[in-house]
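All remarks here apply to the structure that follows.
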Amino acid sequence: MSQATSPAAPKAPERRFDAIQFIATYAAPLFLIALVAVFAIIEPRFLYPLNVFNVLRQVSISGLIAIGMTFVILTAGIDLSVGSLMALAGLVCAYVSKGGLQDRFAIGAADTAGHPLFLAVAAALAVGILCGALQGLVVTRLKVPPFVVTLGGLTAFRGAALLFSGGGPISGFSADFTWWGQGRIGMVPVPVIIFVVVAAIAHLVLRYTAFGKHVYATGGNLRAAELNGVPTRRIVLLVYVISGLSCALAAFLLTARLNSAEAVAGLGLELTVIAAVVIGGTSLFGGVGGIFGTVVGALLIGVLTNGLVLLNVSSFVQQIVIGVILVAAVALDQFAAGRRLAQ
């Protein structure tokens, strides 16, 4: 008596390696590696330790703000006010550290008048939190589009910085203040260490906490997130607070590095920051991206700018190149998304 045999289960289709999809998905890190290799060959000074740490120190300022911007863009928002808010927070930090504007132009390590360092940092962070919360409330409660709200913040915060400082800088801080921007631990600049720590914390928050999952859900599909009980208003408010905090921390480090705070600090910085986030793979439509990509994007822009400077390329050409790369990054992101849907 023959036994009935069951039909063989259909085999799952084999997924072949898609080189085009791989390049489109990992374009930013691949391009960063290629840039480093090209600049190292063309200009040997590029890999000198002094230059490498200079690039990392420069990237740490814009990179910190880009981390905050990542949270905002993941919710399908935008923050155009980051450069102006950094200037305002830096001036408030400097004002508190100096104890007023009486000795605003004093320069030298002997200048110790004013308030303790922690009060100056707390003042800067308070400005960042308040301004970020204000913009978040207008977006969530008054339903004003984030682009309009933060465009207004860009102008308003810059005007507040100019009014607060009378248009002039505040310079000359104590050694314990400037150490945070100019000091090193071993060979590594302090701002770079802070940038790495903040990036690691932000990555863990986004990937492994309920808040992070809610950020992705809010940006991926706002209506669906609300139906599933996600407090979308609170999430949007908090991401703008995080953006404000990142601006304040960057403002403190930049002031400490330059030993000066100015109302014109951060002019045009918002474009560099948004470029770093988008080049790193975070979608402007929300719900896709992460901190690792943002760090890569910030490094890419920093390496590109530094390499072009070493090659004596005009700053005007640098802006053109960064603009072209930004558009190319968005195009690759859309191309990769389209291929994923087609498969």
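On full extension, the segment bounded by F316 and I41 gains 96.6 nm, given 0.36 nm per residue less the C-alpha separation. Please give the Cα centre distance for region 207-263 versus region 113-156, rounded to the nearest Å. Answer, in whole Å: 12. By the compact-protein rule of thumb, 2.2 N^0.38 Å, the alpha-carbon radius of gyration of the chain corresponds to a ratio of 1.13. Each helix, a run of at least 4 DSSP H residues, gives -39500 (n - 2.57); summed and divided by the residues of the chain, these come to -23500 deg cm²/dmol at 222 nm. Here E43, E226, E270 are placed in order of increasing Cβ neighbour count within 10 Å, fewest first, which gives E226, E43, E270. Please name whichever of L222, L74, Y48 sits farthest to the positive end of the charge dipole of region 44-266, dipole taken about the Cα centre and charges placed at Cβ: Lys and Arg +1, Asp and Glu -1. Positive-end residue among those listed: L222.
Compared with the direct C-alpha span, the chain from L151 to R207 gains 17.2 nm at full extension, assuming 0.36 nm per residue. How far is helix 117-141 tilted, in degrees, relative to the longest principal axis of the Cα atoms in the chain, given as a value from 0 to 90 rounded to the nearest 10? Taking Cα atoms only, the helix is inclined about 50 degrees. Computed from Cα atoms, the angle from the helix 315-342 axis to the main principal axis of the chain rounds to 30 degrees. Compared with the dominant Cα axis of the chain, that is its longest principal axis, helix 232-258 is turned about 50°. In order along region 305-313, phi translates into HN-Hα couplings of 4, 5, x, 5, 5, 4, 8, 6, 7 Hz, rounded to whole numbers, per the Karplus curve 6.51 cos²θ - 1.76 cosθ + 1.60 with θ = phi - 60° and x for Gly and Pro. Projecting label points 7 angstrom from Cα along Cα→Cβ for L284 and I33 puts them 2.9 nm apart.
Backbone phi angles across region 162-173, fed through the Karplus curve with coefficients 6.51, -1.76 and 1.60 (θ = phi - 60°), yield HN-Hα couplings of 5, 5, 5, 9, x, x, x, x, 10, 10, x, 10 Hz in residue order; Gly and Pro are listed as x. The order of K143, K213, K98, going from fewest to most other C-beta atoms within 10 Å of their C-beta, is K143, K213, K98.
Bear in mind that the values in this text are calculations on the coordinates, not laboratory data. Given the structure is predicted, the values throughout are model-derived calculations rather than measurements. Every residue, glycine as well, gets a Cβ built from its backbone with ideal geometry; the counts of neighbours run over all protein chains shown.
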